[in-house]
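All remarks here apply to the structure that follows.
The values are calculated or read from the model by the stated rules, or taken from the named source; none is laboratory data. Computed from a predicted model, the values in this text were never measured in an experiment. Ideal geometry is used to build each Cβ from the backbone, glycine not excepted, and the neighbour counts take in all protein chains shown. The accessibility values were calculated without ligands, DNA or RNA, using every heavy atom of the protein model including side chains. Shrake-Rupley method; radii C 1.70, N 1.55, O 1.52, S 1.80 Å.
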Amino acid sequence: MFGHTVSTFIFKHRFGLLVVCIGLTVFMGYQAAKVRFSYELPQILPESTLDFQLYESFKARYGENGNVLVVGVATDQLFTLPIFRSWYELNHKIKKISGVKDVVSSAHLVEIVRNDSLKQFDFRQIIPNKPNSQAEVDSIKARISSLPFYQGFTISEEGKAHLMAITLRQEAPNHPSIHTSIDQIKREALVFENLHGLKLHLSGMPYIRTEYVAEVRHEIAIFSVLSVIVTGLILFLFFRWWVVMLISFGVVGVVWSVGFMSLLGYEITQLTSIIPCVVVMIGVSNAFFLTKKYHEEFSRLGNQRQALQTTAESIRETMFWSNFTTAIGFGVFSLTGSKLWVEFGQIAALSLLSTYIINLPLLLVFYSYLSPPTPKKHFQRLENKYLSPFLQQLDGWVYQRPQIIYGSVGVMIIVAFVGLLQLKNISFMADDLPQSGPLVSDLDFFKKQFKGVMPFEINIDSGRPGRVLTPQTLTKINLLQKEFSHYPEFTKPLSVVEATKFIYQGYRGGAPKYFVLPDALELSKLAEYIGNFKGNDNRMSSFVDSTRRYTRVSFQIADVGAHRIAALYALLQPKIDSLFNIDSSTGKEVEKEERYEAKITGGGVVFSKQLDYLLQNSIESTLLAIGLISILMVVLFGNWRLILTALVPSCILLIMTAGIMGFGGIPLNATTTLVFSIAFGLSSSSVIHFLTKYKEEFRTNKSSVSKAISTTIQVAGISMFYNALILFAGFAIFTASNFKGTVALGILVAITLLMGMLSNLILLPTFLLWLNKKLVNG
């Protein structure tokens with residue numbers, strides 16, 4: 001009755017509905033035009049976690065620790081006059097680019113000179129002007145070599161690679177204009193490359209984020225177009241009716257999905273960038289089901305209006321619940337607490353539900369304005385000579401070979417468990433980066449020459465103002481740095497201790513032997529000079545806050561993987577606690593008022609902490625999807641035994657998918673962990689189509705269980721087969737991505753959907769026969 005009311009309303013107000021939908025789509029398009037791309041790498045840890053809060057407070061105190069872009073070159077000829085002059089020019093040209101705060105390289109360094117008349121230290125440029133002779137360059141090289149502070153920083157330890165560190169202004173790394181600044185830097189670097197034939201390597205978090213966003217921007221456009229073309233062509237091949245293809249393109253709701261991002265204040269990330277493609281697939285799938293049903297009803301009734309009205313009444317509910325279960329598979333991520341997953345889950349669920357709301361009325365309205373189809377021309381391709389015999393063969397297996405089916409499934413489950421045991425929860429930062437292009441190779445360059453560019457920080461709270469620059473604190477920090485020097489993964493540190501050594505060297509006239517941490521008496525002499533740092537010359541502000549209570553020790557680390565970073569954290573954090581809070585003379589903890597709070601943080605640490613969270617939430621989100629969809633289907637079909645039996649094949653699919661990941665060496669990461677609940681939601685939508693037809697055979701045709709199952713395989717099997725083919729083709733497009741995670745997601749979901757289709761046409765009916773026999777005999 002309700003279905004009849006809905007269909008009547010649609011046709012009675014078809015023009016008004018068309019105008020409203022077009023108007024809303026224009027509005028959503030306006031919103032979509034305002035959406036921005038995120039310049040942040042994926043944030044997976046929830047804001048409620050202590051590690052995330054510590055990192056955020058650290059950034060609030062010292063500024064963004066990922067605002068340094070680095071340019072590197074491998075050459076032992078830098079200190080020849082022509083190359084050094086070009087390096088000098090490159091440094092100064094980059095310094096003038098908008099958004100750049102400072103540039104440090106061998107062509108732009110300072111030394112500290114003691115000014116006794118003013119009782120202060122002066123920062124003096126080592127290279128005040130561009131050198132004009134080789135002798136000047138040799139003198140510069142000798143002077144830099146006498147300053148240990150710069151060794152391993154602007155020049156590699158072997159002296160065969162050189163680095164230029166470009167510090168961006170605090171607001172620049174996350175501002176859309178950053179790509180303009182990066183492009184200018186790349187152009188200047190290219191001039192240097194062409195002039196001297198030397199390859200320059202760029203890296204650092206601002207550069208990585210900018211290139212990351214550029215690739216996301218490129219892929220969202222390419223994949224949206226490809227998904228429309230590929231799935232549309234499949235529709236055209238099925239129906240041989242170009243109108244179907246064009247109408248499907250107009251109602252898939254891509255504009256709405258991006259519009260929702262703008263309305264909710266979200267930015268486009270790598271993860272949310274795949275949503276428009278998914279919406280295309282689901283929209284085309286909806287168009288397929290509705291068009292197929294329309295053709296069937298028109299062939300049966302011969303009247304276009306009646307056929308469309310009957311189609312609306314019969315398919316409305318099934319189509320809604322199918323979209324709803326798919327939306328659940330995506331939407332459960334909105335309950336995880338992770339910003340990245342919450343945004344993805346909310347946008348995906350809203351987009352999929354709105355796709356149904358758009359598709360149903362608009363497809364019916366569009367078809368009502370068109371000439372009716374010719375069944376022999378437009379529908380014959382669906383019942384080809386290959387598919388019907390294939391479905392008949394599956395039907396025969398269900399009745400004749402149930403034991404073989406059970407045995408085969410049992411063997412596959414055992415094999416899948418073997419693969420599951422090989423599944424690894426590992427992740428590298430490079431996994432989230434485009435694999436083609438220079439990003440990954442440049443990271444390898446800096447890993448080899450300078451030990452990496454990933455921030456690894458120690459945040460120190462000395463407990464009270466003024467305590468950081470005391471001999472006690474500086475000595476503890478120096479001991480901490482010596483402990484870190486035992487681990488080859490870390491670069492030399494930047495800290496108040498290193499700055500103090502540098503200052504003391506200048507205080508003692510500049511001789512390299514004085515690059516040491518002075519004793520308490522010498523520190524007291526330095527205090528008067530240090531206290532007179534003024535304005536922008538107070539370089540210590542990068543390491544010490546204004547109250548001199550808080551300080552930081554900054555290391556860089558290579559992309560050694562989240563497991564290794566976690567292992568280093570586990571090893572070093574207890575040692576840090578001991579260095580700062582255990583009295584070395586007594587071996588006991590210091591008094592509460594004398595305690596320090598020294599914690600490891602930084603982008604590298606936050607990155608490593610996400611792995612355990614990923615695994616935990618992957619399990620929770622999958623179980624939640626299974627639970628919600630099970631409850632929904634029990635309410636929908638009213639038989640909990642039937643639903644529990646029907647969902648077993650979908651659960652088996654998850655085990656097999658995990659096995660494939662294990663055998664294929666595909667690790668769990670921010671993208672691949674999405675596979676399980678998404679695949680379960682999509683597979684469950686096929687279960688709904690199967691069970692709807694199965695129940696219809698009982699209710700309408702009064703069929704026996706055997707007859708109902710056979711008819712369902714033969715009739716619903718056609719739709720399920722083509723639907724799986726459409727979704728398989730759609731997700732297979734993601735294999736062209738430059739992101740490893742997106743490629744893996746595409747492969748796994750595509751394979752799982754094909755396995756799900758076969759499982760729902762073989763294992764599901766076999767289980768239904770078994771359930772019926774058990775109920776009859778029980």
Simple Cβ-charge dipole of the chain, Lys/Arg +1 and Asp/Glu -1, about Cα centre, in debye nearest 20: 1600 debye
Out of all DSSP beta bridges in the chain, what portion is antiparallel? Express it as a percent rounded to 5. 95 percent
Carbon and sulfur together cover what percent of the accessible area of the chain at a 1.4 Å probe radius? 59 percent
For the table 339/448; 59/339; 95/599; 119/599, the rows whose alpha-carbon distance is greater than 26 Å are 339/448; 95/599; 119/599
Could you work out how far apart the two model spin labels at residue 639 and residue 715 are, taking each label as a point 7 Å from the Cα in the direction of the beta carbon, and quote it in nm? 1.6 nm
Any chance you could give the angle, 0 to 90 degrees and rounded to 10, that helix 402-421 forms with the longest Cα principal axis of the chain? 10 degrees
Show which aspartates and glutamates lie in cross-link reach of residue 588 when reach means a straight Cα distance below 15 angstrom and same-chain residues fewer than eight apart are skipped. 577
Aspartates and glutamates whose Cα lies under 16 Å from that of residue 707, excluding same-chain neighbours fewer than 8 positions away: 395, 696, 697
Under 5 Å, built H, 5+ apart or other chain: amide partners of residue 101: 167, 168, 169
Quick check for you: with a 1.4 Å probe and neighbouring chains kept, what is the accessible area per residue of region 541-646, in Å²? 47 Å²
Could you point to the label whose value was computed as Rg and Dmax of the Cα atoms in Å for the structure here, given [x] 47.3, 146; [y] 27.7, 92; [z] 32.5, 106? [z]
May I ask you to compute the full-extension gain from residue 92 to residue 126, defined as 0.36 nm times their residue separation minus their alpha-carbon distance, rounded to one decimal in nm? 10.8 nm
Acute angle (nearest 10 degrees) that the helix 562-581 long axis makes with the longest principal axis of the chain, alpha-carbon atoms: 40 degrees
Counting only protein heavy atoms and leaving out ligands, DNA and RNA, the solvent-accessible surface of residue 285 at a 1.4 Å probe, in Å² to the nearest 10, equals 10 Å²
Given labels modelled 7 Å from the Cα in the Cβ direction, how far is it in nm from residue 146 to residue 472? 3.8 nm
With unit charges on the beta carbon (Lys/Arg positive, Asp/Glu negative), name the residue among 334, 280, 310 whose Cα is farthest towards the positive pole of the charge dipole of region 245-347. 310
Exposure ranking of 583, 444, 461 by accessible area [1.4 Å probe, largest first]: 444, 583, 461
Which part of region 125-158 falls in the paramagnetic zone of residue 116, meaning amide N under 14 Å from the point 7 Å along Cα-to-beta-carbon? none
Dipole of region 43-189, positive direction: furthest Cα of 156, 142, 75, with charges on the beta-carbon: 142
Compute the label zone of residue 76 within region 192-221: residues whose backbone N is under 18 Å from the point 7 Å along Cα-to-Cβ. 198-199
Cα-Cα over 32 Å, subset of 12/293; 160/186; 424/773; 130/482; 12/292; 96/160: 424/773; 130/482
For the pair residue 412 and residue 138, the simple spin-label estimate (label points 7 Å beyond Cα toward Cβ) gives in nm 7.6 nm
Hey, what angle do you get for helix 705-732 against the long axis of the chain, alpha-carbon based, 0 to 90 degrees rounded to 10? 30 degrees
Between residue 157 and residues 5 or more places away or on another chain, which pairs have amide H atoms under 5 Å apart, with H built 1.01 Å from N, and which residues are they? 152
